[in-house]
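Data first, discussion second: the structure below is written as structure tokens.
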Amino acid sequence: MQEPKAFEQLLLRQGIVDESKLERARSEAAKNNLSLVSVIPQLGFSRAEAVYAALADFCEMRFIVPSREGLDKGLAEKAPARFATHYGFVPVQERNGILVVAVSDPLNPQLIDDIRMVLKCRIEAVVTTPQEIVRATKELYGVGADTMERILIDAEEDGPVLTIQGVGVGADLGDDTIDASIIKFVNELILEAVQSDTTDIHIEPFEDSLRVRYRIDGILHQAPTPPSIQGFHAAIVSRIKIMANLNIAEKRLPQDGKIQASFGEDYYDLRVSILPTAHGETVNIRILSRSSMSMTLEQMGFSPEDLKLFNSLITKPYGIILVTGPTGSGKTTTLYAALAKLNSIDRKIITIEDPIEYQLQGISQMQVQPKIGFDFSLGLRSMLRHDPDIMLVGEIRDHETAEMAIRSSLTGHLVLSTLHTNDSAGAVTRLIDMGIEPFLISSTMVASVAQRLVRRICPHCAKPVEPDPALLRAEFGVSDSEIAGGQYRKGEGCEECLHTGYHGRIAIYEILPFTDRIKEMTVNRANAAEIKKEALLQGLRTLRASGWQRIHAGETTPEEVLRVTADSDAPGVEST
């Protein structure tokens, strides 16, 4: 698209760019064969909405933001996905028999005529940004809708290739057209998940539907997908199995595999789990970003005091340090950050994991293989013959693994591992429940660290708010003087955060060092509540107290901290 000189003058008059920025944008556009309106936002000279609004003024057309006005899902029938994606438009509303379509290239003289011809109806064109076209298309049609439509069209042209078998509908993967389209659709599904910072993709078959959900910042969201996706459930699962090197013929047993993928300069490990259900196989794809796994301890979210304490604990010459919390609370990421801190030429570090989530340079890593009898306990025994200084055990799950980890730490090794408990004090009772003698726990435990992930307030829509002092006093045990001066904020909800008010996550911690008094109580079989009470007297900062610091700094909300700490802290437990 070559913009007229008159449009450039309009940009100057409206103050969107000055002469020097306009000249720079012209140069970049010519060098990369791009349009001026796309280059100006890329260079950071102005927001895309301002540039395209000026373009709409120049063309004497309306400028709209479809995602703010709401989309009528019924319009998808008026304009098929294959046309919308091919011509780069999206239908936004219908008024008096006229279909309003949003475009981002109004200077293309042929575009509007082509759209009118393929839709065979009266249209009114309005202007929006290319990003809004992409966002609205996914919302209206679903991820990969044009691919699904192309499969169905090819199937009609080439003859029937879909067969109904019981409750499932399968596609013949031997057909080149179907196979290529399914490959494209699965790639689109994964790419959309990666671009929206998804941690898990859930593909779930039911009697009359196929549901796709993304877990973003710990919360599940329905992914927009075309209704026709149900007919290709078997083909989609088979494609994922092929990518993960699984047996596509086996549909009765659970299977686990791994996919390595790269998008641009970022690399991802995709852990695939297949489960047979009454209506077909359900798929979970865990997305592990190598960049997130390479975070440092300073980036994890420790307060300065907690970071200093944790650094002192992981430099102990021997003992065991446990990181506790539920699945998905970032325990492995914290341990990897600790190993990266400890990794040096004078230390031998070996890990045993299930699975290896990220390859660490300079560290020997093993993956358990239960099918051939290679489990955590066997791996631990083998580790000791290699004279390690530091050992990481992915998870302590049973008595044998716990006993081997404890005995390894007794013989002069620093052992790092994870354990499923609600808080730091619960690690003691959990190990005793596994059959470990209290005197062994007392002799080896360096610290227990509880961890949770809370959602950050979205920086794009955050607004200052006044907190509820009564709630803060009751749930966080803070005084009015502590409440004063906080930078309290809340996200109003926008496109960037999927209207949740949150974007991204940060960790909160509860670090319990095993002092002489805590060790004494462990030998005497004190319960978790008694140990925590004593730890509070010694200055323990609980998960909820750590969350309070984040609330006071304007990084998260009271509701979010209460949501993730409901199982670990009773109201007011922090007050001493």
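The values are calculated or read from the model by the stated rules, or taken from the named source; none is laboratory data. Note that the structure is predicted; figures quoted are calculated from it, not measured. Every residue, glycine as well, gets a Cβ built from its backbone with ideal geometry; the counts of neighbours run over all protein chains shown. Note: areas computed on protein heavy atoms with side chains; ligands, DNA, RNA excluded. Shrake-Rupley method; radii C 1.70, N 1.55, O 1.52, S 1.80 Å.
Below 8 Å, C-alpha to C-alpha, sequence gap of six or more: please give me the relative contact order for the chain in percent.
Numbers: 996 pairs, mean separation 48.8, N = 576.
Once normalised by length, the contact order is 8 percent.
Before I look further, what does the stretch 379-453 give for accessible area per residue, probe 1.4 Å, in whole square angstrom? Don't skip to the answer; put the middle values down first.
Working: 2520 Å² over 75 residues.
Spelled out: the 1.4 Å probe surface of the stretch 379-453, per residue, equals 34 Å².
Which pairs, out of Lys308/Lys532; Lys341/Lys532; Lys308/Lys519; Lys331/Lys463, put more than 24 Å between their alpha-carbon atoms?
Values: Lys308/Lys532 21 Å; Lys341/Lys532 29 Å; Lys308/Lys519 22 Å; Lys331/Lys463 31 Å.
Lys341/Lys532; Lys331/Lys463, as the Cα separations exceed 24 Å there.
Distance between Cα centroids, the stretch 222-287 to the stretch 442-466: provide it in whole Å.
Between the Cα centres of the stretch 222-287 and the stretch 442-466 lies a distance of 32 Å.
Could you check what % of the DSSP bridge pairs in the chain are antiparallel, to the nearest 5?
For the chain, the DSSP antiparallel bridge percentage is about 65.
Is the C-alpha gyration tensor of the chain telling us rounded, prolate or oblate? Criteria: a/c under 1.5 is rounded; beyond that, a/b larger than b/c is prolate, otherwise oblate. Walk me through the intermediate numbers first.
Working: a/c = 2.30, a/b = 1.58, b/c = 1.46.
It is prolate, given that a/c is not under 1.5 and a/b is the larger ratio.
At a 1.4 Å probe radius, carbon and sulfur cover how many percent of the accessible area of the stretch 434-576? Each step should come with its number before you reach the end.
On the way: 3180 of 6400 Å².
That share works out to 50 percent.
Given axes a ≥ b ≥ c from the Cα gyration tensor, I'd like to know whether the stretch 354-458 is rounded (a/c under 1.5), prolate (a/b larger than b/c) or oblate. Could the numbers behind the result be given before it?
Working: a/c = 1.58, a/b = 1.09, b/c = 1.44.
Here the stretch 354-458 falls in the oblate category.
Rounded if a/c is under 1.5, else prolate if a/b beats b/c, else oblate: with a ≥ b ≥ c from the C-alpha gyration tensor eigenvalues square-rooted, which is the stretch 335-386? Don't jump to the answer; show the numbers that get you there.
Working: a/c = 2.84, a/b = 1.61, b/c = 1.76.
It comes out oblate by the Cα gyration axes.
Roughly speaking, what is the centre-to-centre gap between the stretch 347-364 and the stretch 1-67 when only Cα atoms are used, to the nearest Å?
50 Å
Rounded to the nearest 20 Debye, what is the dipole magnitude of the chain about its Cα centre when Lys and Arg each give +1 and Asp and Glu each give -1 at the C-beta?
So the magnitude is around 1000 debye.
Starting with the highest mean, order 116-125, 538-547 by the number of other Cβ atoms within 10 Å, averaged over the residues of each peptide. Show your work: numbers first, answer last.
Numbers: 116-125: 14.2, 538-547: 21.9.
Most protected by this proxy first, the peptides run 538-547, 116-125.
So which lysines pass the test for Lys348, namely a Cα distance under 20 Å, with those fewer than 8 places away in the same chain ruled out?
Within the straight-line cut-off, Lys348 pairs with Lys316.
Hey, in the chain, which Cys have no second cysteine's beta-carbon closer than 4.7 Å?
Cys59, Cys121
Over the stretch 1-129, average the accessible area per residue using a 1.4 Å probe and give it in Å², no decimals. All intermediate terms of the calculation are to be shown ahead of the outcome.
Working: 6720 Å² over 129 residues.
Dividing the accessible area of the stretch 1-129 by its residue count gives 52 Å².
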